[in-house]
Amino acid sequence: MADEYLRRLTAGCRSGKDSVLANLLSIPSLSKQGVDDLMHAPGAVDFPWGQRILSLNLPADWGSVFSANLQARVALQQGRFRAAFDAVSSAYRSFLKMFEMLSEEYWLKDVLRILCVNVRLAGRQSDRKEKGGESTYGKVQDLLILGTKNTQVSRAMEKKEAAIGVFNQMFKVYFEYNALNLCKSLFKSAETAVYGRGILDFNSLPLAQQVTYKFFLGRMAIFEEKYKTAEQALEFALSKCIVSHTKNRRSILFYLIPIKLYFGKYPSEALLREHNLLEYQGIVRALRSGNPLMFRNELQRYQVSFLSKGLYLLLEQLKATLYRNMLFTCYKILANNKMNLKSILPALLATGNSMELGELECIVCNLIQKGFVKGYVSHKEAYLVMSKSEPFPKLSVIGDRRRSKEQ
């Protein structure tokens, strides 16, 4: 096994084939790809990898890159996670240093991306499994920044194209550590230095990297309450994501569904079941039926998940749709464009919703102001007088109005 690996390594370094080298450098215990049986052969851990690799006289400084990479594999197998992180960091630095010195037309995009993945995941594993030590977050950030600088300052298109792999790994780090202020500036850097101003055609980049970039762009837009931008980015990511990648599609839909609800479109029960999006089943039912108690209970039930993903405030904004549908249900029952708000309170109390008349009036006035209901409130008589012509505009129309306001 060792001899076969070293043969492939030698051939890969001498041919400079990007995909081959990336596969050899990928560490399966981190990213679940690469040469997965390398560390499971008898005596593999005790094999003098570094010594043998350095004796191969590989071109450039590939010996240092692969020697450090194999040290990381051995350390992971032995449960020395901090040492593994140090080793993948060394491999990454050696790679960047090597390619700063070589011709700018010679660049390995997949190798750079894989080494970035190794750094990020080894850092995360070190933090999770070796408690009490210094966090690797700062070191991971600094290392990835080195990669973005190397790709941005170059005039060679090959290095520009490699940048997206580094940017996407940085987005993952920043979102994981909730450093969204840094993430915002990183998007500006990406747009200005690489994808903006016609420097590089975004559509020419690897599809998987496009999807990842748009996914995080959508999440950032949600944080900034730019919901139209978020919808466009996440729809792009979903349309380009391979159908068999069910985990990725679920992640995209988890953020896209509340955006669609905000713009007045409900997901089907079949879609929610297909992608195991149980968190939204009760919320959608509550919205459709206009049931405030069910809505509140479902938000509380999945509060931790929604908060951790930055979606709770967006879901709170769906209360306008919720109360609009509640009034619409009452309107259909009463079949009258004049509604006594006092008569609604007992029904609310019966379903477990404690609400005073003043609070209900405020909700209704807010719905009128936002365009969810056409009419006016007579405070003296506590009546809602609705327009005879389409008193409840369609949610899709309200959604289009919301989109237009973001332009």
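The values are calculated or read from the model by the stated rules, or taken from the named source; none is laboratory data. What you see is a predicted model, and the numbers here were worked out from it, not measured in a lab. Heads up, the Cβs are rebuilt from the backbone with ideal geometry, glycines too, and the neighbour counts pull from every protein chain shown. The protein model used for the area step is the full one, side chains on, heavy atoms only, and it has no ligands, DNA or RNA in it. Shrake-Rupley method; radii C 1.70, N 1.55, O 1.52, S 1.80 Å.
Counting only GluC sites (Glu not before Pro) that are in a DSSP loop and have at most 13 other C-beta atoms within 10 Å, tell me the longest site-free stretch of the chain.
On the way: sites that count: GLU104, GLU105, GLU134, GLU224, GLU225, GLU356, GLU381, GLU406.
Result, exposed sites excluded: 226-355.
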Sorted largest first, extent of the range 183-275 alpha carbons per principal axis (Å): 43, 30, 18
Put HIS379, HIS275, HIS245 in order of accessible area, largest first, probe 1.4 Å, and you get HIS379, HIS245, HIS275
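Please work out whether the range 301-407 counts as rounded, prolate or oblate from its C-alpha gyration tensor, where a ≥ b ≥ c are the square roots of the eigenvalues and a/c under 1.5 means rounded, while otherwise a/b larger than b/c means prolate and anything else oblate?
On the way: a/c = 2.18, a/b = 1.29, b/c = 1.69.
Here the range 301-407 falls in the oblate category.
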For the ASP61, GLU381 Cβ pair and Förster radius 60 Å, calculated FRET efficiency rounded to 0.05 is 0.10
Which three extents, in angstrom, do the Cα atoms of the range 207-347 have along their principal axes, listed largest first? 56, 28, 27
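Determine the share of the chain's accessible area contributed by carbon and sulfur atoms, expressed in whole percent, with a 1.4 angstrom probe. Intermediate values should be presented prior to the final figure.
Working: 10070 of 19710 Å².
Reported share for carbon and sulfur atoms: 51 percent.
Quick one: accessible area per residue over the chain, 1.4 Å probe, rounded to a whole number of Å²? Present the calculation step by step, with values, prior to reporting the outcome.
Working: 19710 Å² over 407 residues.
Ligands and nucleic acids excluded, the result is 48 Å² per residue.
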In the neighbourhood of LEU205 defined by beta carbon distances under 10 Å, the net charge of the other residues (Lys, Arg +1; Asp, Glu -1) is 0
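As an exercise, identify the trypsin sites (Lys or Arg not before Pro) in the range 208-316 lying in DSSP coil whose Cβ has no more than 13 other Cβ atoms within 10 Å.
Numbers: sites: LYS214, ARG219, LYS226, LYS228, LYS240, LYS247, ARG249, ARG250, LYS260, LYS265, ARG273, ARG285, ARG288, ARG296, ARG301, LYS309; in loops: LYS226, LYS265, LYS309.
The qualifying sites are LYS265.
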By how many degrees, 0 to 90 and rounded to 10, does the Cα axis of helix 341-350 deviate from the longest principal axis of the chain? 60
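Net charge near MET220, counting Lys/Arg +1 and Asp/Glu -1 over other residues with Cβ under 9 Å of its Cβ?
Numbers: positive: LYS184, ARG219, LYS226; negative: GLU224.
Around MET220, the surrounding residues sum to +2.
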For LYS226 and THR246, FRET efficiency with R0 = 41 Å and r from the beta-carbon atoms, rounded to 0.05? 0.90
Could you grab the Rg to Rh ratio for the chain? Cα atoms only, Kirkwood for Rh. 1.12
Can you give the angle from 0 to 90° between the axis of helix 395-405 and the longest principal axis of the chain, with both taken from C-alpha atoms, to the nearest 10? 60
Given the whole protein assembly as supplied and a 1.4 Å probe, what does the accessible area of TYR266 come to in Å², nearest 10? 60
Determine the relative contact order of the chain: mean sequence separation of Cα pairs under 8 Å and six or more apart, normalised by residue count, in whole percent. 9
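Can you tell me the order of 396-402, 167-173 when each peptide is scored by its average per-residue count of other Cβ atoms within 10 angstrom, highest first? The partial results should precede the final answer.
On the way: 396-402: 15.1, 167-173: 23.4.
My ranking of the peptides, most packed first, is 167-173, 396-402.
Once you sort the root eigenvalues of the Cα gyration tensor of the range 318-369 as a ≥ b ≥ c, which label holds: rounded (a/c under 1.5), prolate (a/b larger than b/c) or oblate (the other case)?
Numbers: a/c = 1.30, a/b = 1.02, b/c = 1.28.
Verdict is rounded for the range 318-369.
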